[in-house]
Amino acid sequence: MLKYVAAQYTAAVLCTNHMVGSGSNPRPALGESWKVQPHTRLQLLRPDVGDERFAVISASATSVCGQQVTFQLS
C-alpha cells in the first residue's frame, strides 16, 4: 500500500521501526518481519556538540552505503 501511495502521488514514504526494550534485549517495535522491509536504511546521528546532524546510508540496494549528508534542524 505504501509503495502504491508513493508511486501514485510521487511522494517519499518514511517508515520508522524504532528499537524498543532495554539492556541486552532490544527488538524492533514493528516486529522482526519489518526490519528487512526498507529499500534504503538511513542512520540519523547527533554529535554531542554543535547543531549539525548527519544522515548516513547504512543499507541500500540502489545507493552507495556510507554516503552522508549534514543537516540542521530549525
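The values are calculated or read from the model by the stated rules, or taken from the named source; none is laboratory data. All values reported here derive from a predicted model rather than from experimental measurement. Cβ sites come from the backbone with ideal geometry, for glycine too, and all protein chains shown count toward neighbours. Heads up: the accessible areas ignore ligands, DNA and RNA and are worked out on the full protein's heavy atoms, side chains in. Shrake-Rupley method; radii C 1.70, N 1.55, O 1.52, S 1.80 Å.
With R₀ fixed at 22 Å, the C-beta to C-beta distance from Met1 to Arg46 puts the FRET efficiency at about 0.10.
Using a Gaussian network model of the chain in which every pair of alpha carbons under 10 angstrom is joined by a spring, one finds that among Val20, Val64, Val49 the greatest mean-square fluctuation is at Val49. Based on Cα contacts under 8 Å between residues 6+ apart, the chain shows a relative contact order of 18 percent. Altogether, the Stokes-Einstein calculation at 4 °C and 1.567 mPa s, with the Kirkwood radius of the range 12-74 over Cα pairs as Rh, returns a diffusion coefficient of 96 µm²/s. Taking every protein chain into account, the accessible area of the chain amounts to 87 square angstrom per residue (probe 1.4 Å). Element breakdown for the range 1-62 at a 1.4 angstrom probe: carbon and sulfur atoms account for 56% of the accessible area. Measuring with a 1.4 angstrom probe and ignoring ligands and nucleic acids, Arg53 comes out at about 50 Å² accessible.
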